[in-house]
1. Which whole number in µm²/s is D for region A:1-157 by Stokes-Einstein, with the Kirkwood Rh taken over Cα pairs at 20 °C and 1.002 mPa s?
2. Could you check which residue among C:165, C:212, C:16 shows the biggest mean-square fluctuation in a GNM of chain C with a 10 Å Cα cutoff?
3. Quote the relative contact order of region B:83-133 in percent (integer), defining contacts as alpha-carbon pairs under 8 Å separated by 6+ residues.
4. So for the pair residue A:179, residue D:203, with labels modelled 7 Å out along Cα→Cβ, what separation do we get in nm?
5. Once a ≥ b ≥ c are taken as the square roots of the eigenvalues of the Cα gyration tensor of region B:89-182, is the result rounded (a/c under 1.5), prolate (a/b larger than b/c) or oblate (a/b not larger than b/c)?
6. Taking the beta-carbon count within 10 Å as an exposure proxy, list A:213, B:68 from fewest neighbours to most.
7. Can you compute the helix-only [θ] at 222 nm over chain D? Use -39500 (n - 2.57) per DSSP H run of at least 4 residues, normalise by all residues, nearest 500 deg cm²/dmol.
8. What is the mean number of Cβ atoms from other protein chains located within 10 Å of the Cβ atom of each residue in peptide C:153-160, rounded to a whole number?
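No lab work stands behind these numbers, since they all come straight from the coordinates. Keep in mind that this is a model prediction, so the values were computed, not measured. As a convention, Cβ positions derive from the backbone with ideal geometry for all residues, glycine included, and neighbour counts pool all protein chains shown.
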């Protein structure tokens, strides 16, 4: 088609391409979810419906975007791992982060009524998510990334469980609860829960304590194929693999990802 | 809070900050809207409801994000201009593009039933948008950017109007219509419309021909203030200005942005 | 020529292009010049030969690279300003900074014997410089950049002049001189110099106090031409201009760049 | 020290940090070496002195910058590989490429008289080099990078050997030699050399055919230590290692790097 003399403004576009052959982690975070969760009356310290909705939206994202090998979610955040060989959008950073943010948002909002049937969304308080992409050259770092987020989940959830128990069952003001927990370590917090409220933290819902792992269960054979360098594959092979990935079940796990066990057969879901 | 030994993976995060004191244009594009529009039966060559929905969603984005000075939309794309002084999210690129994509998506989906009351969204065909950020050092380039998009709107719309008129009223197959238009210039296309179908292209809906401009009408006095370097302003001043921007009306215009007229009082809406 | 199967490693190359239509400042810094200057017995607080050598090398850089409009140097650093229209190396950042660092180094080393005839360079202590590129969207910022470096020159030189006068003429140890100056302001330092040593700081060599400005004196007519957008010029025009720039005299100035005077006719040397 | 109000211009500086835990390859290229080599009468197709000078300069760079594990050079280019763990200059790209370009230039110029004692450098034709940095996430790619450059060396050198033999011994004009070689493959070129001039290409100087590899010979024990993640090392350990690297011999090899043999004990020099 004809081009205008204004076309030159395109030369100012600068695409950042993410380094080839590195794992891409895309982490989404709820924007202003403190206010958002208060506005819709999320239960404290954890709202099972809200977490279920996050997980359901993330699963839909994985179905739409078969390059995602696995994901980890907790609270109002979700991290998606793309395999080293991923060539989605030519690995353009802006396109990747905006598409993930948009797709997740659409799913979250669409699924909302299933999880909060009695609470319609308000136009001035719609859910939104920002996203960032981080590159990891080796599986070791991807593993440590998952561990980092799960350790974060544990630390926050133990704190929040104590805090809200002190407030909701102990009758403390939020300010007093904060003071009471200042300077305490994990052991102290477990002790507060147990001795004052008879709560064994380890019996709390494992989804609250460990967060949620989603993995695409492609089966051992396919996994081995996926691991081969993309450049050595025919177009047909690539298409066949994508089809398999689209059809693969997405498993939802609430497990420890810090120890070795989860990773010993990591080859099954990530390459 | 306590930090885990996995914290080191954070050092792999690399934030791209957009150069200070340059205009930021964030352009959103519908993902797979060819298929999307077919799936929901959008009218050809233009669907007034669909364009109205784009405009309504864009207006909401401008209400949520007062740093946007103006916007231009056509077809399934929308471009938002942020003022040079904008410091939103410390000008982090990933945060900006993902937030715009997410916020626009949420609004588009929320407003959908108002514009397509008879056609509920399907979970396997939700709307999504990608986004990119482009920097322009001077107002001249911002103006040329708007002109570029409007020239693009004109070229595409003239073509599409011809094409669909040949198909829908002329009875040509899509393939034959394509052949008929191959190699034609603007004059030829106007002639086809006029001589064969009695259509004067210039009488077509101006929104189809020119696209849509949204500007935040802050009033002349405030505009002058906004133009001053951000760093010279007190926090209080900045807050007062943000309030004014939030309350300002957003005007929807269907005008020529290539000629001088629109820009002579550009100071009113952009700085 | 034939290509090998290893060619794919090129796809990992990522060129950063500097945003068009912005001023580029490339600042070079001597690497380890504290040790370097000690090793070759530079005079303290300023060595006129060393500064002369820096200026001479910078002039040669400007002769080799006609895209440089002007430069500012002090101590072991030099900043080169490239015009907004500059297209050198397609504005690739790595190519620009490496070429400036290499060219300056070559000139500095080549000219060394002229300035230090009695002190040949030692192979284990050769001069080297690192470089960075910074973008500025407007002339205001380029001006403030020059002011920033000159203010830095002033602050450091006043301190160093005091420090070394206390040591060399006052007989203080370096440690005692440092202690004596701790917490003093400009006025105090002027007073120390004047009352104890009869030195009026303002009579010190103006090159020490103000640093050195180099500008390419292209004449008013050419300057006006240079200011026009590059894209509007014929290839022939561009070549004629480059020739003029290559032949233009490079003026060496030791003047105040913080006040308005130097910039009122800035159009003469920068566009 | 006191800060001026111009300090804000620093906020425009944007440092690109190279992704951690990836190999960094820094490739230097002679600027305008076609003209440079003609100007100083380099022998065709290869000048042993010129290549010797490149190698000597590269060795000095490795001595100055102990983070370099190995290097590969041919013609007027040299590539330096930094280990994954390298933290030199916080992995800032501009600082790395400019420092390598500057250091190499200084050494090249300093060593010039040893290799070209009869031909002093001319101030209008000083050597200079640009540089770029490329990241590789795995050793496989580093290996393929070396192979790529060596395949390039082979292709160019076979061509140049034919070309210059046709010109210098066959009496062809440069234009006719070019025509004669157009469309020929490796076999053809070997045949031209052998049948017309009795030259067996494989007997040509191996440095011309294979280029030059430089590796830091740290010994097997140290190599194992170097391979450990940097973050797990004490500062003392790191210093000890750096000392070892500085003292290590740098071996100059002219060997095939495409086959497996060179890489089987790669652990000895790269980690």
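1. Numbers: Rh = 17.2 Å.
Answer, rounded: 125 µm²/s.
2. Greatest mean-square fluctuation among the candidates belongs to C:16.
3. Details: 25 pairs, mean separation 23.1, N = 51.
With pairs under 8 Å counted, the relative contact order is 45 percent.
4. 9.6 nm
5. Values: a/c = 3.00, a/b = 1.33, b/c = 2.26.
Judged from the Cα gyration tensor, region B:89-182 comes out oblate (a/c at least 1.5, b/c at or above a/b).
6. On the way: A:213 21, B:68 25.
Least to most surrounded, the residues fall as A:213, B:68.
7. Working: 10 runs with 121 residues, N = 271.
Value at 222 nm, helices only: -14000 deg cm²/dmol.
8. Numbers: counts 0, 2, 4, 1, 0, 0, 2, 0.
That average works out to 1.
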